[in-house]
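What follows is a set of notes on a single structure, which appears directly below.
The values are calculated or read from the model by the stated rules, or taken from the named source; none is laboratory data. None of these values were measured; they are calculated from a predicted model. Cβ sites come from the backbone with ideal geometry, for glycine too, and all protein chains shown count toward neighbours.
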Amino acid sequence: MSITSEQVKFFEDHGYLTRLDVHDTSEAAVVREAFDKLELWEGRDECIIGLHGRHIDRRFIWELATNAKTLDCIAALMGPDIIVLSTHFFCKYPQTTDKFVAWHQDVTYWGLEPPDALTAWYAVDDSDVENGCMRVIPGSHRQGILPHGKSDRSGNLLSINQEIEADVDDGQAVDLVLKAGQISIHHGHLIHGSNPNHSERRRCGLAISYCPPHVKPVRANSLDRVWPAVLARGQDPFHHFGDWKLKFTN
Ligand SMILES: O=C(O)CCC(=O)C(=O)O
């Protein structure tokens with residue numbers, strides 16, 4: 001699967017694409033089973049937002065990050081040389097009505113120069129309005145990076161409780177409803193967030209962030225960790241991110 005020139009244009013104008021099919025139902029079930037096993041091993045608390053960069057040690061996460069259909073879409077938007085910058089699960093459990101993701105732009109605290117990155121969000125579970133799917137403000141990536149402060153609501157799942165300072169008009173938001181096995185893709189400057197899970201179902205997704213190799217980490221990111229960045233496709237003549245080796249334990 002790649003995307004059409006109309007979809008590329010839509011992405012340029014609106015900053016996102018959604019409902020892109022990566023896996024059919026049975027392939028998505030295999031991924032869900034792999035995540036369920038990881039969840040049993042790590043515990044639910046860790047799964048909420050603690051699973052960062054696990055493409056280095058879990059084969060199924062690396063395979064998700066480097067899925068050929070996903071990379072074809074990323075290549076159409078970003079060019080042929082693609083680095084997996086990081087992977088991060090966002091898992092909201094049933095009726096966790098205090099957990100949400102505040103409006104933010106991804107690259108704000110990523111310390112990248114230039115701040116060029118994209119994120120594919122892979123739905124491990126069906127993701128809809130009731131269980132707190134991602135929401136985006138179309139076209140907001142064209143405003144540049146806006147000032148962020150701290151959220152005054154408790155339960156923000158973001159690493160340093162960041163939130164865009166200015167009021168964001170919820171009325172402009174589009175819900176990215178996905179079936180398990182589909183992805184959405186959002187621009188690193190797009191305003192997005194998500195509401196709490198009011199359902200009896202889990203809502204788990206894997207955010208996979210990509211950048212081209214000319215991008216350089218110049219400041220600490222919000223987690224104060226180096227990026228577990230690995231070349232997924234093409235060439236990296238720059239080696240800005242060091243030399244990460246995959247070490248699968250499972
Ligand atoms: O999973 C969510 O609700 C938010 C994810 C997110 O902020 C991201 O992928 O950048």
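Taking into account only those residues within region 113-126 that are in a strand (DSSP E or B) and of a type in the set (Gly, Ala, Ser), which is farthest from the chain's Cα centre (by Cα)?
By that ranking, first place goes to Ala123.
Does Ile83 satisfy the condition of being of a type outside the set (Gly, Ala, Ser), at pLDDT 95 or above and in contact with a Cys (Cβ under 6 Å, 6 or more places away or on another chain)? Please lay out each step first, then the result.
Details: of a type outside the set (Gly, Ala, Ser): yes; at pLDDT 95 or above: yes; in contact with a Cys (Cβ under 6 Å, 6 or more places away or on another chain): yes.
For Ile83, the condition - of a type outside the set (Gly, Ala, Ser), at pLDDT 95 or above and in contact with a Cys (Cβ under 6 Å, 6 or more places away or on another chain) - is met.
Please identify the pairs in which a residue from region 105-125 that is over 14 Å from Val84 (Cβ atoms) has its Cβ atom under 6 Å from the Cβ atom of a residue that is of a type in the set (Ser, Thr, Tyr) and more than 11 Å from the ligand (Cβ to nearest atom), counting only partners at least 6 apart or on another chain.
Tyr109/Ser222
Just checking, which of Val84, Val107, Val129 is within 12 Å of the ligand (Cβ to nearest atom) and either more than 14 Å from the chain's Cα centre (by Cα) or crowded, with 19+ Cβ neighbours inside 10 Å (or both)? It would help to see each step written out before you state the result.
Numbers: Val84 fails: within 12 Å of the ligand (Cβ to nearest atom); Val129 fails: within 12 Å of the ligand (Cβ to nearest atom).
Just a single option satisfies the conditions, and that option is Val107.
State whether the residues of region 202-218 include one that is of a type in the set (Gly, Ala, Ser) and farther than 18 Å from Gly50 by Cα. Break it down into steps so the answer makes sense when it comes.
Taking region 202-218 first, the residues of a type in the set (Gly, Ala, Ser) are 205, 207, 209.
Now restrict to residues that are farther than 18 Å from Gly50 by Cα: none.
Within region 202-218, not a single residue is of a type in the set (Gly, Ala, Ser) and farther than 18 Å from Gly50 by Cα.
Residues of region 87-104 being polar (S, T, N, Q) and either in contact with a strand residue (DSSP E or B) (Cβ under 8 Å, 6 or more places away or on another chain) or within 10 Å of the ligand (Cβ to nearest atom) (or both), which ones?
Taking region 87-104 first, the residues polar (S, T, N, Q) are 87, 95-97.
Selection gives Thr87 alone.
Out of the residues in region 66-91 that are touching a residue at least 60 places away in the same chain (Cβ under 8 Å), among the small types (Gly, Ala, Ser) and assigned to a helix (DSSP H, G or I), state the one that is nearest to Asp236 (Cα to Cα).
Start the filter on region 66-91 by keeping residues that are touching a residue at least 60 places away in the same chain (Cβ under 8 Å), which leaves 66, 69-91.
When the remaining residues are screened for being among the small types (Gly, Ala, Ser), the result is 75-76, 79, 86.
From what is left, the residues that are assigned to a helix (DSSP H, G or I) are 75-76.
Details: Ala75: 14, Ala76: 18 Å.
Once the filter is applied, the top-ranked residue is Ala75.
Could you please let me know if Ile183 is within 14 Å of the ligand (Cβ to nearest atom), modelled with pLDDT of 95 or more and in contact with a Phe, Trp or Tyr (Cβ under 8 Å, 6 or more places away or on another chain)?
Details: within 14 Å of the ligand (Cβ to nearest atom): yes; modelled with pLDDT of 95 or more: yes; in contact with a Phe, Trp or Tyr (Cβ under 8 Å, 6 or more places away or on another chain): yes.
Yes, satisfied.
Do you know which residues across region 140-177 are free of Cβ contacts under 8 Å to residues at least 60 places away in the same chain, small (Gly, Ala, Ser) and part of a loop (DSSP other than H, G, I, E, B)?
Gly144, Ser151, Ser154, Gly155, Ala166, Ala173
Looking at region 188-250, what strands (runs of 3 or more DSSP E) fall wholly within it and have at least 3 residues that are away from the ligand (no atom under 13 Å from the Cβ)? Outline the logic, then answer.
Numbers: elements: 192-194, 203-211, 230-233.
So the answer is 230-233.
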